[in-house]
Each structure stands twice: as structure tokens, then as C-alpha cells.
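*Asks:* Starting off with a structure, shown below.
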Amino acid sequence: MDCANGYTRLETETAALCKSEAYSRLAALFDGGVFTELDRFSKNGENGCGVVTAYGNVNGSGVYAFSQDVSVLSGAMGRAQAAKIKKVYDLAFMNGAPIVGIYDSKGAFAEEGVDALNAYGDLIAASGKISGVVPQVSVVAGTCIGSAAVLATVADVTVMLESASLCVNSAAITGDEATGTAELNAKAGTVAAVVSDMAEAAAVVSGLLAALPDNNLSVPAICDYVPATGADGIEAIVDADSFAELWKDFGRCAKVGFARVAGNSVGVVATNPDVNNAKLCGNGANKIARFVRFCDAYSIPVVTLLDCAGFMGGADDEADGSVKAVSTLTMAYAEATTAKVTVITGKAYGAAYTAMAGSASGADIVLSLADAAICPLEPMTAVQFLYKDRLGEEKREALEEEYKLTAGSPFEAAKNGAVTDIITKEQMADKVIAALDMLASKRVSTVEKKHSNMPF
């Protein structure tokens, strides 16, 4: 064979491969658009495999990735495509590096029958094997239906383009055009962020990977310290402009996301007193629980800002599983062994205090603002029991305020060690920094077991 012909074929096939959108999506992901492709001449019969696999750098650190190529056999998943992707999972596991999957496929390779379904199964098993070992991020850039949707959403975080579709059954089957839309998936908490295009998706992924370590045995990179702005809430304690919220359209009574405190990566949980009369709903509780477990898997400290009057508990809420959600939240905090710092910024009533600040939460440090209220019961309920003989003569509002200032005072809680320190708003950032610095070397050995059994 003429070597010149071989080089000509190499140039021709390389040029054809590099024209696909799958390539441009990977170029958007990797630093400078530079990456090294893996198994680029693998075939499914006479055709390509419908996926591009590669490795390169994101934020200067090694990352493995795959991008389905809808221009080849509609990106259909079959044995050949699964084998290429499986190698990426194996390499990510062996080298302790994150993996990013970009999804755009019309479905399974029908000609292979049940083998195509087992191809998905092999990848879901591979994802489960490395879950909690290396970060996994999915980007739904096009169509992602059925088993592909399962594979995409078992990752740590799923990002979705506005124009994409993510569902178990397509709109053609359900007859509902809203099926699989980005808006619906964001409200359901299936995806953590919705973006307009691949460039924005790449920026979100880059930010996530910067907040996370390469694997569960390493630590995130440290950034320059940019002092907090001094505003209220989250911005009062985290480095300026460092908070990146996730799942913001799901369970709006709570906020979660990654930020920096003195340049170090932290997970932030904050209840939102402006929603549901300062009470957490089931979705909010589930969101917090999932995020705390995510942080704990990679030993990222969790800073909780608590201003919560308890949990929603009407008949409709209980029918929707609010009690189960509260149990899941409580167990997530209790099981987490990463550093945990809670700041009570307002209300901390009943089960909300128990789950996120009390002994059940395993919080290492509990700080409280001097004007916070830490109460076993809502003041309205407490007055009914404790001050019922005074209700006829005094206004309920005054009695509720008295209860908060006496029995509910953080100074009362501090007497029994339920609060580590009582602080002012101006001290919040410094106190949190000091607490996290002290907890930086925290190590906890747990009872040897297979895993916990999460609430139903």
C-alpha cells in the first residue's frame, strides 16, 4: 500500500470527523478548544459510532469527556458506541479525573435489539461504580430520551440547553408538548441549570469543576480571597460574586450552590424566608438533602444559613411526602462527615433546628445572630400552651414576642451548648472563616457498613 495514500485517507477522514457538532461542543468545553480524541476511527459496521470521546484540560486540570454525534446514525446507542464511552469511564476512574457527558441522540440502535438496551445498562453500571469517586457532569444538548435520560441524570449534576429535550417517554408518546422541555425539567429538579447554548453550558461546567476536587481523595483548587460584600444573607459570608446557585427553579424555599470562603470551595445551603412563610416544603428539603450528600461525597464543607419557621405540614403537603422529605434531609445532615457550620440568622423553629443545627445534624459549629429565635415550637403554638392564662388579658402578638425573647433567645440555647457562639452580622464572615479554618483537617471514621438505608 502506498504510504501517501494512507496519509491522504487520514487527512480525509480526520477532516470529515472534525466537521461534526459533537466536535465543536467538545472544543467549547476544553481549555482553548484543545483536546485529544480517543478511538476516533472506531466503527459500527461501515459507519462511525455516533460519539466522540476525548480527554483534555478544563481549568488546567485533566478531564475526560464524550459527545454524542447525532449526524452519525442519529447518535444511536449500540454496542460500539457504548464500548467507546465505557473506556472513558474506565480511564476517568483509573486516573481520578472528572467525566463530562454531552448527550444528543435519537435513541437506541434498533438493529441490535436488546443488546442496545444492555449497552445503556453497562454505562449506567459504570456510572454507578464511579459515583462519589470522581465528579460526573452531564450536558443535555439535544434529544435525550428513555434509557439515555436515565444515564444523563444519574450524574452528580445535569445541565440542559433550552432547546434540548430530556424525558423517559417522548412527547410523541405522551401526547403532551410540554414533555421533556427544559422548563419542566428545571421545575422538577431533574436538571441543575438551564442554559441558552453550548458556550454557556461550558462556562457552567467549568465553574462546577473548579468548585469540585478531581476525585474523592483530592481537594479543590484554592482561589484568591475576595472579601464578602457585607450584604445580607449568602453574600455576607462568601467571597464577593462567588456564589453559583444550582437547582434554583426547584424548591424555591431553599437555595443551594457552591461558593468560595477565603478562597476555599464550600457548599452553601440557605433557607429562603421570603417563600412559604419561611417554611420548607418537601421539594426544598429534598434539594438540600441531595446537595449535602453531594458535598459530603467529595469532603466539601457545608455552610448552612438557617432562617426557617419549620416545615410545611398540611394534608396536601403530607400527601406529597413532606414527612419523608424531612426525614431524608435530617438523615443527610446526620450522615455527612464533612465539616458543617450552621449560622442561625433568624428563625430556627422545631424540626428545622433539629435537622440543620441541632445535635442530629452533627454540625461542628453553630453560630447565632443575637436577635435570632431558637424555639422548640412556633411562638403562636407555644403561647397557646404556655401563656394560655394570659391570653384573655394580653395581646397574642406581645406574648409571642415575649416567648421569642425569653425561652427562644439564643442566649438560652447557648447555656446548654446548643449554640457555639452568639455573633453580630458584621462578624459573620470572619467567624465562618475561622470555623472552617479550624475544621480544615477534620477526619471521621464511621462504622463499617455497606451503606445507609435512606428514608423511603
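The values are calculated or read from the model by the stated rules, or taken from the named source; none is laboratory data. Every value quoted in this text rests on a predicted model; they were computed, and no experiment measured them. Note: ideal-geometry Cβ built from the backbone for every residue, glycine included; neighbour counts use all protein chains shown. Only protein heavy atoms, including side chains, enter the accessible area calculation; ligands, DNA and RNA are left aside. Shrake-Rupley method; radii C 1.70, N 1.55, O 1.52, S 1.80 Å.
*Asks:* Using alpha carbons only, how many degrees (0 to 90, rounded to 10) separate the axis of helix 79-95 from the longest principal axis of the chain?
*Replies:* Taking the Cα atoms of the chain, the angle to 79-95 is about 50 degrees.
*Asks:* As a test, work out the antiparallel percent of DSSP beta bridges whose residues both lie in the range 169-325, rounded to the nearest 5.
*Replies:* Close to 70 percent.
*Asks:* Please check the chain for the longest run free of GluC sites (Glu not before Pro) that are loop-located per DSSP (anything but H, G, I, E, B) and have at most 10 other Cβ atoms within 10 Å. Numbers along the way, then the final one.
*Replies:* Values: sites that count: Glu46, Glu177, Glu393, Glu448.
In short, 178-392.
*Asks:* Let me spell out the model: positive unit charges on the Cβ of Lys and Arg, negative unit charges on the Cβ of Asp and Glu, origin at the Cα centre of the chain. What dipole size does that give, in debye rounded to 20?
*Replies:* Dipole of the chain, to the nearest 20 debye: 1000 debye.
*Asks:* Viscosity 1.002 mPa s, temperature 20 °C: what is the translational diffusion coefficient of the range 190-310 from Stokes-Einstein with a Kirkwood Rh over Cα pairs, rounded to a whole number of µm²/s? Let's see the in-between values first.
*Replies:* On the way: Rh = 14.9 Å.
The calculation lands on 144 µm²/s.
*Asks:* Cross-link partners among lysines for Lys86, C-alpha distance below 27 Å, same-chain residues fewer than 8 apart left out?
*Replies:* Within reach: Lys19, Lys43, Lys106, Lys129, Lys450.
*Asks:* If you take the charge dipole of the range 296-398 about its Cα centre, with +1 on Lys and Arg Cβ and -1 on Asp and Glu Cβ, which of Leu367, Ala334, Gln384 is farthest toward its positive end?
*Replies:* Leu367
*Asks:* Over all directions, the average projected area of the alpha-carbon convex hull for the range 361-432 comes to how many nm²?
*Replies:* 5.6 nm²
*Asks:* In the range 125-262, what % of DSSP beta bridges are antiparallel (nearest 5)?
*Replies:* Here the antiparallel bridges make up roughly 25 percent for the range 125-262.
*Asks:* Compute from the Cα atoms of the range 39-125 the Rg and the Dmax, the latter being the longest Cα-Cα distance, and quote both in angstrom.
*Replies:* For the range 39-125, the Cα-based Rg and Dmax read 12.8, 41 Å.
*Asks:* Let me ask something else. In Å, what is the Rg of the alpha-carbon atoms in the chain, and how long is Dmax?
*Replies:* 25.1, 105
*Asks:* While we're on this one: In whole angstrom, note down how far apart the Cα centers of the range 46-69 and the range 245-305 are.
*Replies:* Result: 31 Å between the Cα centres.
*Asks:* Let me ask something else about it. Can you work out the base-10 log of I(q)/I(0) for the range 310-363 at q = 0.32 1/Å, using the Debye formula on its C-alpha atoms alone?
*Replies:* The Debye formula, applied to the Cα set alone, gives -1.21.
*Asks:* Give me Rg over Rh for the range 282-347, both radii from the alpha carbons and Rh done the Kirkwood way, two decimal places.
*Replies:* Checking Rg against Rh, the ratio lands at 1.00.
*Asks:* Lysine pairs in the range 253-352 with alpha-carbon atoms under 16 Å apart, 8 or more places apart or on different chains: how many are there?
*Replies:* Lysine pair count for the range 253-352: 6.
*Asks:* Now, a different point. If all Cα-Cα distances of the range 392-456 are sorted into 5 Å bins from 0 onward, what percent lands in each bin, rounded to whole numbers?
*Replies:* Answer for the range 392-456: a P(r) of 3, 11, 10, 12, 13, 12, 13, 11, 6, 4, 2, 1 percent.
*Asks:* Assuming R0 = 25 Å, what is the FRET efficiency of Glu37 and Val133, from their Cβ-Cβ distance, to the nearest 0.05? Working shown, then result.
*Replies:* Working: r = 24 Å, r/R0 = 0.98.
Taking R0 as 25 Å, the efficiency between Glu37 and Val133 is 0.55.
*Asks:* What is the percent carbon and sulfur in the accessible area of the chain, measuring with a 1.4 Å probe over the protein chains and ignoring ligands?
*Replies:* Looking at the chain in its full context, I get 52 percent from C and S.
*Asks:* Before anything else, pin down the relative contact order of the range 46-186: Cα pairs under 8 Å, at least 6 apart, normalised by residue count, whole percent.
*Replies:* The value is 19 percent.
*Asks:* Express the relative contact order of the chain as a whole percentage, based on alpha carbon pairs under 8 Å and six or more residues apart in sequence. All intermediate terms of the calculation are to be shown ahead of the outcome.
*Replies:* Numbers: 938 pairs, mean separation 37.2, N = 456.
Result for the chain is 8 percent.
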